[in-house]
Amino acid sequence: MKILVTGGLGFIGSHTVVELLQNNFDVCIIDNLANSKMSTVDNITAITNKKPKVYCFDVCDSAKTKEVFSTERPDAVIHFAGLKAVGESCEKPLLYYHVNIDATLSVLNAMDSVPTCKSIIFASSATVYGVPNSLPLTETSPIQDATSPYGETKIINERILQDWAKVNPQKSAIILRYFNPIGAHPSGLLGEDPNGVPNNLMPYVTRVATKQAPYLKINGNDYDTLDGTAIRDYIHVVDLARGHVLALNKLKDFRGVYICNLGSGKGTSVLELINAYKKATGVDFKVEFGPKRAGDVPANFASIDKAKRELGFECKYTLEDACKHAYMYQLKHI
Ligand code: UDP
């Protein structure tokens, strides 16, 4: 079975490509290197002994995307390509709407031109749940107003997929809602190394732990949580990647729209994550409390009952594993 992966050289994309290759799927990639590097292909090859074909261009280019689909004739698509910085999306909303929506339209148009390309897995996010009314979040929890244009693009893309699936009853749209992916490949060859100042907690902690930043600022310690810091559901990126392989295998004959959370099912506060990181790596670092970050929800974590029951999903890695792997990767990439 051949899988075309858009954004296959990015953080989640590259780990997913590795899992696909290790499970004997054929893989080809479209990636414009906007937030990734060509050298990642060599690292994928070093882990798997297989070299996926990479097409370097922006998947928003509909004509080129169609051309690749007609050459490669994939059986399914995993669509990761897009912009993902919440803060930047508030400063450049039009860019986010343009890139994140056009990319999906281009991929779906290309799929329409290849009748044998039966399913698309879309990289959605827990951000579609907005400020939760109750926890844990299940797939039937309501979709609420997004707190950023980035989040809004995830909601709009989910709607586009629903409408597309209605007129393509012979195909399937699998929407995976990711909670907070962290960690790195245990080989130390793949990981997350964002350009500039990291927005997300784990890459920032890792920069502080490797002395590339002086201290970690915790965004708010007066939330209504046990220790006052915000709660999220952190999932090791390799476990998340494995979820895609399970979805492809289990949903081969599924038609229509399938929605599933992928997280660890556990809530972890910022302070708990910091303590786990210090314990796992043996590195101490300075922490300061700052004000809440605009747009942050106090707490969210997933119910992963559906993923467990229907996909056979389970997490192999602990929070400490994820911390250790992220640290090991960063040490190699300073
Ligand atoms: N956070 C923090 N310091 C940082 C970066 C993030 O305290 O330097 C907090 C952030 O405000 C949130 C949590 O860590 O409460 C997770 O943030 P992240 O950006 O990683 O994920 P998201 O908010 O998208 O769930």
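If a spin label sat at a point 7 angstrom from the Cα of residue 252 along the line to its beta carbon, the backbone N atoms of region 303-334 nearer than 17 Å would be those of 311-312. Considering helices alone, the calculated mean residue ellipticity of the chain at 222 nm is -12000 deg cm²/dmol, with DSSP H runs of length four and up weighted by -39500 (n - 2.57) and normalised per residue. Springs join every pair of Cα atoms under 10 Å in this Gaussian network model of the chain, and among 130, 295, 13 the largest mean-square fluctuation is at 295. Return the FRET efficiency for the residue pair residue 138, residue 187: r is the Cβ-Cβ distance, R0 is 41 Å, and the value is rounded to the nearest 0.05. With a Förster radius of 41 Å, E is 0.75. Note on the chain: GNM, Cα springs under 10 Å; of 60, 117, 90, the largest mean-square fluctuation is that of 90. Using R₀ = 45 Å, calculate the FRET efficiency as 1/(1 + (r/R₀)^6) where r is the Cβ-Cβ separation of residue 62 and residue 210; round to 0.05. The calculated FRET efficiency here is 0.65. Remark: spin-label model distance residue 200-residue 91 equals 1.9 nm, labels positioned 7 Å along the Cα→Cβ axis. Mind grabbing the base-10 log of I(q)/I(0) for the chain at q = 0.12, 0.15 Å⁻¹? Debye formula, identical points on the C-alpha positions, no solvent, two decimal places. So the normalised log intensities are -0.82, -1.33. Taking every protein chain into account, the accessible area of region 164-297 amounts to 42 square angstrom per residue (probe 1.4 Å). Principal-axis analysis of the Cα atoms of the chain puts helix 39-48 at an angle of about 80° to the longest axis.
Computed with a 1.4 Å probe over protein heavy atoms only, the accessible surface of region 51-112 comes to 47 Å² per residue. Counting only DSSP beta bridges with both residues in region 1-63, the antiparallel share comes to about 0 percent.
The portion of the accessible surface of region 1-112 made up by carbon and sulfur, rounded to a whole percent, is 50 (1.4 Å probe; DNA, RNA and ligands excluded).
To the nearest Å, what is the center-to-center distance of region 204-225 and region 1-21, using C-alpha atoms only? If you average the Cα positions of each part, the centres end up 30 Å apart.
When every Cα-Cα distance of region 197-334 is counted in 10 angstrom steps from zero, the calculated P(r) takes the values 11, 36, 31, 16, 5, 0 percent. Computed from the C-beta positions of residue 49 and residue 288 and an R0 of 35 Å, the FRET efficiency is 0.15 to the nearest 0.05. Counting only protein heavy atoms and a probe of 1.4 Å, the accessible surface of region 174-239 is 48% carbon and sulfur. Averaging Cα coordinates gives a centre for region 289-307 and one for region 47-83; these two points are 32 Å apart. Counting only Cβ charges, +1 for Lys and Arg and -1 for Asp and Glu, the dipole size of region 230-334 around its Cα centre is about 200 debye.
Counting only trypsin sites (Lys or Arg not before Pro) that are in a DSSP loop and have at most 16 other C-beta atoms within 10 Å, tell me the longest site-free stretch of the chain. Looking at the chain, 51-210 is the longest stretch - no exposed trypsin sites (Lys or Arg not before Pro) with at most 16 other Cβ atoms within 10 Å.
The values are calculated or read from the model by the stated rules, or taken from the named source; none is laboratory data. Remember, predicted model here, so these are calculated numbers, not experimental data. A quick note on method: Cβ atoms are made from the backbone with ideal geometry, for glycine too, and the neighbour counts reach across all protein chains shown. Note: areas computed on protein heavy atoms with side chains; ligands, DNA, RNA excluded. Shrake-Rupley method; radii C 1.70, N 1.55, O 1.52, S 1.80 Å.
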